[in-house]
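*Asks:* Please read through the structure below; I'll follow up with questions.
The values are calculated or read from the model by the stated rules, or taken from the named source; none is laboratory data. Here the structure is a predicted model, which is why all the values come from computation and not from measurement. Virtual Cβ from ideal backbone geometry, glycine too; neighbours counted across all protein chains shown.
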Amino acid sequence: MHVDKYERFWIYAVVAVLGVFFAALLVAAFGLGIRLPQPAAILNPLELDQTQFSEPGVYQVGDNEYEVYIVAQMWAFVPNEIHVPAGAKVTFNVASRDVTHGFYLEDHNINMEIVPGQIARATTIVNEAGVYHFICHEYCGRGHHIMHAQMIVEDEQTANTTNPSEES
Ligand code: CUA
């Protein structure tokens with residue numbers, strides 16, 4: 001069969017480009033460890049009360065390390081306010097009690113989908129004292145727009161002179 005030389009060139013070019021793409025995929029997946037996000041664990045959303053999520057809140061697990069457990073439900077986060085010290089490494093574990101919610105933490109590169117039956121988990125470093133909101137960004141019903149809460153990052157001074165009137 002006769003193949004025109006230009007046609008042959010383009011056949012080789014297409015195969016070469018596909019080869020490069022496939023190699024890039026292998027390097028990203030196995031060399032750089034870039035994978036799709038996975039649920040940290042599977043759990044029954046009807047049995048949250050039999051897990052760590054029965055007492056959501058902030059737990060210190062290391063020198064300057066905290067695990068935070070948050071329940072997302074129509075239409076609030078529980079708890080709706082958490083306190084962590086500036087400079088801490090904070091890992092968020094979020095699970096839904098009912099429908100799919102979202103979890104977006106202002107200024108900290110955390111943006112997760114909270115699917116019922118899965119634990120969404122992400123870690124960040126909180127460097128700057130201040131008030132940061134986390135909001136639900138998946139439409140979850142008629143109260144979706146009021147579903148938000150806040151993380152208060154305390155530096156040593158504010159931690160020593162906690163003033164509840166500052167919190168709104
Ligand atoms: Cu929860 Cu929108």
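*Asks:* Quick check on PHE77: is it aromatic (Phe, Trp, Tyr), under 14 Å from PHE53 (Cα atoms), touching a residue at least 12 places away in the same chain (Cβ under 8 Å) and in a strand (DSSP E or B)?
*Replies:* Taking the combined requirement at face value, the residue satisfies it.
*Asks:* (1) more than 12 Å from the chain's Cα centre (by Cα); (2) modelled with pLDDT under 95: which one isn't true of ASN109, the others all being true?
*Replies:* (1)
*Asks:* Here's another thing I want to ask about it. If the requirement is being surrounded by 11 or more Cβ atoms within 10 Å (Cβ to Cβ) and modelled with pLDDT of 95 or more, which of these qualifies: PHE22, PHE9?
*Replies:* PHE9
*Asks:* Given the criterion within 16 Å of the ligand (Cβ to nearest atom), of a type in the set (Ser, Thr, Tyr) and in contact with a strand residue (DSSP E or B) (Cβ under 9 Å, 6 or more places away or on another chain), identify the matching residue among THR100, THR123, THR51, THR91.
*Replies:* Answer to the check: THR100.
*Asks:* Let me ask something additional. Residue check, ALA86 against (1) of a type in the set (Gly, Ala, Ser); (2) surrounded by 11 or more Cβ atoms within 10 Å (Cβ to Cβ); (3) not assigned by TED's automatic domain parsing to the domain that holds GLY143, all met but one. Which one?
*Replies:* Failed condition: (3).
*Asks:* If only one of ILE70, ILE82, ILE135 is touching a Pro at 6+ places or on another chain (Cβ under 6 Å) and modelled with pLDDT of 95 or more, which one is it?
*Replies:* ILE70
*Asks:* Then there's this: Among what's in the stretch 61-72 and is part of a strand (DSSP E or B) and either surrounded by fewer than 19 Cβ atoms within 10 Å (Cβ to Cβ) or away from the ligand (no atom under 16 Å from the Cβ) (or both), pick the residue that is farthest from the chain's Cα centre (by Cα).
*Replies:* GLY62
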